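Below is one structure, written out as structure tokens; comments come after it.
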Amino acid sequence: MKSTCLRYRWFTENCHEFILPSGEHLLVDPMLPREGSRMYEGFRSGYTVDDIHRCDYVFVSHIHGDHIDQLKEVQEKFNPFILVNQNNVIPLAQALDLSVRKIIPMVDYQPYDLGSFVFTPYPGTHVGTIGEQTLTKSYEMFRSMTGETGATPMNVAQAFGSCFNTNFTLEVPGGLRVAFIQGEYTELTRQNFMGSNPNLLIRQLSRIDLFPEIYDQLLDCVKETQTGLMAFMCHHHKQKDPQKTAADMNRDLAADNVPVTVFVPEAGRWISVGSYIEFSE
């Protein structure tokens, strides 16, 4: 019997896993580094690709290293379809030496009916401080992160990752909808998601400890998408105290009579999303 719920868990950074009512699995931004790897100290979650038991689709929001680190390992283990912005297909495939036969180049605003779910990508903005510079300057900026000089495949991927970022809505049978917003909450994003009434809003935080104005943007985002159940706040880029931020937001939402609860997930804990939200033990 097929489930009428969507199951969901978060690992670290922007890495999430969905189990669709069909039983298919969708993995977002695979970042599951193994002990001893370059990314392990900064991004370990206690999970690796070994903890993923099925993967039919991978969605890549943008092609920075902290979003694609285990993509090749996932492809070799599961051979999933990979959903990625059309502009990022070639730099991604070259940077990781991927097989391209099952990469789906996505066009913004185009709904993709994949049989058991409908996936609609929308343009997003990473952060205001990067993405506007020339490619040459981007290569130099990422040199210290990659250890590579000039237009190497990984530096090219990092540069394109700053320019082409993707948000999405995911709709499954029964009318369940997830809205996924990462990066800045721009006017373009506001137009795309306002009134979408998702059952779950997954909203990434980036350096709210350094840029307090992000708090007001996040609050507006939650209010304006008119989420009827719950919103999600991701502990992204070492935000100092996400639980305090969630408590502050819930206080402000209650004061404005907005029927939304913001929560910070526990890594690896399954959440069932249906007519209500239930946390698994």
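The table for this structure:
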{"read-out": "Cα-based convex hull volume of the range 137-178 per residue, rounded to whole Å³", "value": "82"}
{"read-out": "Point-to-point label distance, L188-V118, nm (Cα→Cβ direction, 7 Å offset)", "value": "2.3"}
{"read-out": "Distance between modelled label sites at F279 and K72, nm, 7 Å Cα→Cβ extension", "value": "3.8"}
{"read-out": "Cα gyration tensor shape of the range 54-115, rounded if a/c is under 1.5, else prolate or oblate by comparing a/b with b/c", "value": "oblate"}
{"read-out": "Helical contribution to [θ] at 222 nm, DSSP H n ≥ 4, -39,500 (n - 2.57), averaged over the chain, rounded to 500", "value": "-8000 deg cm²/dmol"}
{"read-out": "Length-normalised contact order for the chain - Cα pairs under 8 Å, 6+ apart - percent", "value": "17"}
{"read-out": "Least to most buried among W10, W270 (fewest other Cβ within 10 Å first)", "value": "W270, W10"}
{"read-out": "Cα-based Rg / Dmax (Å) for the range 43-86", "value": "10.6, 32"}
{"read-out": "Rg to Rh, two decimals, where the chain supplies the alpha carbon set and Rh follows Kirkwood", "value": "0.94"}
{"read-out": "Approximate spin-label separation Y215-S99, in nm, with each point projected 7 Å along Cα-to-Cβ", "value": "5.0"}
{"read-out": "Solvent-free Debye scattering, log10 I(q)/I(0), computed from the Cα coordinates of the range 37-194 at q = 0.09, 0.10, 0.11, 0.14 Å⁻¹", "value": "-0.31, -0.38, -0.47, -0.76"}
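The numbers here are math on the coordinates, done by the rules we state, and not lab data. Values in this document were obtained by computation on a predicted structure and should not be read as measured data. Neighbour counts run over all protein chains shown; Cβ positions are idealised from the backbone, glycine included.
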